[in-house]
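Novice: Following this message is one structure expressed as structure tokens.
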Amino acid sequence: MIDFEIDGELAALRHRVDEFVREVAIPAEARDSSEHGLDEGLRTELQDEARKWGLFGPQISADLGGLGLDHRGTAVILEASGYSVLGPQAMHCAAPDEGNIHMLDVIADPEQRERYLVPLAAGRIRSCFAMTEPAPGAGADPSMLLTRADRIDGGWVIDGRKWFITGAEGAGFAICMALTDEGATMFLVDADNPGFRLERTIEATDRAFPGGHCEVLFEECRVDDAAVLGTVGEGFRYAQVRLAPARLTHCERWLGTARRALDFAIDRANEREAFGQKLGELGMVQRMIAESVLDIETSQAMIWRCAWALDQGRPARHESSLAKAHVAEAVNRVVDRSIQICGALGISGDAPLARLLNEVRPFRIYDGPTETHLWAIARRALRDRAADASAS
Ligand SMILES: Cc1cc2nc3c(=O)[nH]c(=O)nc-3n(C[C@H](O)[C@H](O)[C@H](O)COP(=O)(O)OP(=O)(O)OC[C@H]3O[C@@H](n4cnc5c(N)ncnc54)[C@H](O)[C@@H]3O)c2cc1C
């Protein structure tokens, strides 16, 4: 049965998130002036407030202090949180911690849970996920991984350079993907390890992520055997555990952002006049509004479908790929059209839209650039059709 009903409890929770975003997160935006992500003081303050509102960690399992929502519930709540870029930070459902918490919850052993997952889920420390490397290393193609981890007595030594590692500055630990003789493997590396060095924070269009996006060096970085996350050689398989839900939660949060942009533009179109009528009475403005409504509705439908598949225990690689490819483009279109509707106001600091465009633009690149998803979708379609043809 297909059912799009949101039950009473979840609807009440969404209403509470809407209030929280309106009363706490949006007013705090004026105080968010740091260059690379909001400062730690404001983040802590907002997270304390979210705890008081009973909204901390909606997607985090209940035994770790979260609300323990399933993927469908998470989709509804994270979309509402994303109406302000500070909403997900406050509610502790922002990347990269949100994806790392999910992955550690599935893979970490009891000792790793205690040491890394418990404080991370509680918001006492931050984390980062170190996969991407500057050319000629791993980017859209993870098989180009160059960072090495080699066995030494009682542990491993990691060497390699990573970049665009979100939140590395100020993180308590990194999850590093490195190549071993047995294949790609994930390692938990404490930030105070002398072999882990923060080289620089990279200038980027966005600034919503605490710690910014960093270039980091693993140089003769020694870790013991207990630092291996899961099994040696299974790193790419574990990355999939993280990737599908993490892609989806990005879609959910940025969909909320797109709604904010469109609401702003519609309010403007209802007020501002040109050529003797309201902007909203002009056909071409109506078209931009209608196309944005379509982008938002189709995005939500694809997100909910993927969330449903994840709730059935499926890996949902195809569904998350479809959602990511569509939502990243749709959200960017919505924010861009909203700016167009608002004219000069749209790109000014007097409106939130220019900031939002800077925030959503990188989403077309991270968690798989749109083109890699389209490529995978097309190959799957061609392969499935060929299999059908040979079976009949
Ligand atoms: C804001 C931001 C935050 C990030 N945070 C993290 C993080 O925390 N941790 C981390 O490990 N990484 C992170 N990344 C890195 C991100 O995952 C990579 O940028 C992404 O995987 C693409 O790799 P690349 O930039 O090296 O692009 P490249 O691999 O150089 O690809 C460049 C372009 O080539 C095209 N292309 C690539 N493959 C195909 C294909 N098969 N078909 C057609 N066209 C193709 C696409 O247009 C793509 O954008 C972040 C990136 C950004 C922008």
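Novice: Being of a type in the set (A, V, I, L, M) and either buried (at least 22 other Cβ atoms within 10 Å of the Cβ) or closer than 23 Å to residue 213 by Cβ (or both) is the filter here, so list the residues in region 118-139 that pass it. Step through it out loud before you land on a result.
Specialist: Kept after step one, since they are of a type in the set (A, V, I, L, M), are these residues of region 118-139: 118, 120-122, 125, 130-131, 135, 138.
Within region 118-139, 120, 121, 125, 130, 131, 135, 138 qualify.
Novice: Does region 195-207 hold any residues that are in contact (Cβ under 8 Å) with a residue 24 or more places away in the chain and not in a strand (DSSP E or B), and which are they?
Specialist: Passing the criteria: 195, 202, 204, 205, 206, 207.
Novice: Shifting gears a bit: Give just the number: which of (1) at positive phi; (2) at pLDDT 95 or above does residue 316 not satisfy?
Specialist: Just one mismatch for residue 316, condition (2).
Novice: Read through the list (1) more than 15 Å from the chain's Cα centre (by Cα); (2) in a helix (DSSP H, G or I), then give the number of the only condition that residue 331 fails.
Specialist: (1)
Novice: Further question on the same structure: Go through region 89-124 and report how many residues are aliphatic (A, V, I, L, M) and more than 16 Å from the ligand (Cβ to nearest atom). Reasoning before the result, please.
Specialist: Taking region 89-124 as the starting set, the residues that turn out to be aliphatic (A, V, I, L, M) are 90-91, 94-95, 101, 103-104, 106-108, 117-118, 120-122.
Adding the requirement that they be more than 16 Å from the ligand (Cβ to nearest atom) leaves 90-91, 106-108, 117-118, 121-122.
So the answer is 9.
Novice: Check region 291-312 and report whether any residue there is of a type in the set (Lys, Arg) and out of contact with any Asp or Glu (no Cβ under 7 Å at 6 or more places or on another chain).
Specialist: Taking region 291-312 as the starting set, the residues that turn out to be of a type in the set (Lys, Arg) are 305.
Among the residues that remain, those that are also out of contact with any Asp or Glu (no Cβ under 7 Å at 6 or more places or on another chain) are: none.
No: zero hits.
Novice: Given the conditions (1) surrounded by 14 or more Cβ atoms within 10 Å (Cβ to Cβ); (2) within 16 Å of the ligand (Cβ to nearest atom), report the number of the one that residue 205 does not fulfil.
Specialist: If we test residue 205 against (1) surrounded by 14 or more Cβ atoms within 10 Å (Cβ to Cβ); (2) within 16 Å of the ligand (Cβ to nearest atom), just (1) comes out false.
Novice: So, one more: Return yes when residue 54 is out of contact with any Gly (no Cβ under 8 Å at 6 or more places or on another chain), on the phi > 0 side of the Ramachandran plot and not charged (D, E, K, R) and no when it is not. Before you say what the answer is, go through the steps one by one.
Specialist: Details: out of contact with any Gly (no Cβ under 8 Å at 6 or more places or on another chain): yes; on the phi > 0 side of the Ramachandran plot: yes; not charged (D, E, K, R): yes.
Answer is yes for this residue.
Novice: Output the number of residues of region 208-220 satisfying the condition of being assigned to a loop (DSSP other than H, G, I, E, B) and either more than 10 Å from the ligand (Cβ to nearest atom) or touching a helix residue (DSSP H, G or I) at 6+ places or on another chain (Cβ under 7 Å) (or both).
Specialist: In the first step, residues of region 208-220 are kept if they are assigned to a loop (DSSP other than H, G, I, E, B); the result is 208-212.
Next cut, either more than 10 Å from the ligand (Cβ to nearest atom) or touching a helix residue (DSSP H, G or I) at 6+ places or on another chain (Cβ under 7 Å) (or both) only: 208, 210.
So the count comes out to 2.
Novice: Next question. Need pairs with beta-carbon distance below 8 Å; first residue assigned by TED's automatic domain parsing to the domain that holds residue 279 and within region 345-357, second acidic (Asp, Glu) and at pLDDT below 95; sequence gap 6+ or separate chains.
Specialist: If the second residue must be acidic (Asp, Glu) and at pLDDT below 95, the pairs left are 352/29.
Novice: Do the conditions hold for residue 161, that is, is it within 11 Å of the ligand (Cβ to nearest atom), under 23 Å from the mean Cα position of the chain (by Cα) and surrounded by fewer than 21 Cβ atoms within 10 Å (Cβ to Cβ)?
Specialist: Values: within 11 Å of the ligand (Cβ to nearest atom): no; under 23 Å from the mean Cα position of the chain (by Cα): yes; surrounded by fewer than 21 Cβ atoms within 10 Å (Cβ to Cβ): yes.
Judged against the criteria, residue 161 is not a match.
Novice: Here is a follow-up. Look at residue 309 and say whether it is free of Cβ contacts under 8 Å to residues at least 40 places away in the same chain, within 30 Å of residue 112 (Cα to Cα) and out of contact with any strand residue (DSSP E or B) (no Cβ under 7 Å at 6 or more places or on another chain). Don't jump to the end; show me each part of the working.
Specialist: Working: free of Cβ contacts under 8 Å to residues at least 40 places away in the same chain: yes; within 30 Å of residue 112 (Cα to Cα): yes; out of contact with any strand residue (DSSP E or B) (no Cβ under 7 Å at 6 or more places or on another chain): yes.
Against the criterion (free of Cβ contacts under 8 Å to residues at least 40 places away in the same chain, within 30 Å of residue 112 (Cα to Cα) and out of contact with any strand residue (DSSP E or B) (no Cβ under 7 Å at 6 or more places or on another chain)), residue 309 qualifies.
Novice: Here's a follow-up. May I ask you to say which residue of 228, 223 is in contact with a Gly (Cβ under 7 Å, 6 or more places away or on another chain) and β-branched (Val, Ile, Thr)?
Specialist: Working: 228 fails: in contact with a Gly (Cβ under 7 Å, 6 or more places away or on another chain).
From the options 228, 223, the qualifying one is 223.
Novice: Six or more apart or on different chains, Cβ under 8 Å: which pairs go from a residue in region 364-385 that's assigned to a helix (DSSP H, G or I) to one that's within 10 Å of the ligand (Cβ to nearest atom) and hydroxyl-bearing (Ser, Thr, Tyr)? Could you list them?
Specialist: Every condition considered, the pairs that remain are 364/370.
Novice: Looking only at region 216-265, count every residue that is among the β-branched types (Val, Ile, Thr) and without any contact (Cβ under 8 Å) to a residue 60 or more places away in the chain and tell me the total.
Specialist: Applying the first criterion (among the β-branched types (Val, Ile, Thr)) to region 216-265 yields 216, 223, 228, 231-232, 241, 249, 257.
Now drop any that are not without any contact (Cβ under 8 Å) to a residue 60 or more places away in the chain, which leaves 231-232.
The total comes to 2.
Novice: When you look at residue 325, is it out of contact with any Gly (no Cβ under 6 Å at 6 or more places or on another chain), in a helix (DSSP H, G or I), of a type in the set (A, V, I, L, M, F, W, C) and more than 19 Å from residue 206 (Cα to Cα), yes or no? Steps first, answer last, please.
Specialist: Numbers: out of contact with any Gly (no Cβ under 6 Å at 6 or more places or on another chain): yes; in a helix (DSSP H, G or I): yes; of a type in the set (A, V, I, L, M, F, W, C): yes; more than 19 Å from residue 206 (Cα to Cα): yes.
So residue 325 fits the description; yes.
Novice: Still on this structure: For region 11-67, which residues satisfy the criterion of being more than 15 Å from residue 97 (Cβ to Cβ), within 21 Å of the chain's Cα centre (by Cα) and assigned to a loop (DSSP other than H, G, I, E, B)?
Specialist: 32, 34, 35, 36, 39, 55, 67, listed by residue number.
Novice: In this structure, is residue 143 among the hydroxyl-bearing types (Ser, Thr, Tyr), within 15 Å of the ligand (Cβ to nearest atom) and within 30 Å of residue 48 (Cβ to Cβ)? Lay out the reasoning, then the answer.
Specialist: Numbers: among the hydroxyl-bearing types (Ser, Thr, Tyr): yes; within 15 Å of the ligand (Cβ to nearest atom): yes; within 30 Å of residue 48 (Cβ to Cβ): no.
When the stated conditions are applied, residue 143 does not pass them.
Novice: While we're on this one: Condition first: assigned to a strand (DSSP E or B) and away from the ligand (no atom under 13 Å from the Cβ). Now tell me which residues in region 164-190 satisfy that.
Specialist: Of region 164-190, the ones assigned to a strand (DSSP E or B) are 164-166, 173-180, 183-190.
Correct list: 173, 179, 180, 183, 185, 187, 188, 189, 190.
Novice: Scan region 358-371 residue by residue and report those that are closer than 19 Å to residue 249 by Cα and either in the same structural domain as residue 142 (by TED's automatic domain parsing) or within 9 Å of the ligand (Cβ to nearest atom) (or both).
Specialist: Correct list: 361, 362, 363, 364, 365, 366, 367, 368, 369, 370.
The values are calculated or read from the model by the stated rules, or taken from the named source; none is laboratory data. What you are looking at is a predicted structure, and each value in this text was computed from that prediction instead of being measured. Glycine gets a Cβ as well: all are built from the backbone with ideal geometry, and neighbour counts include every protein chain shown.
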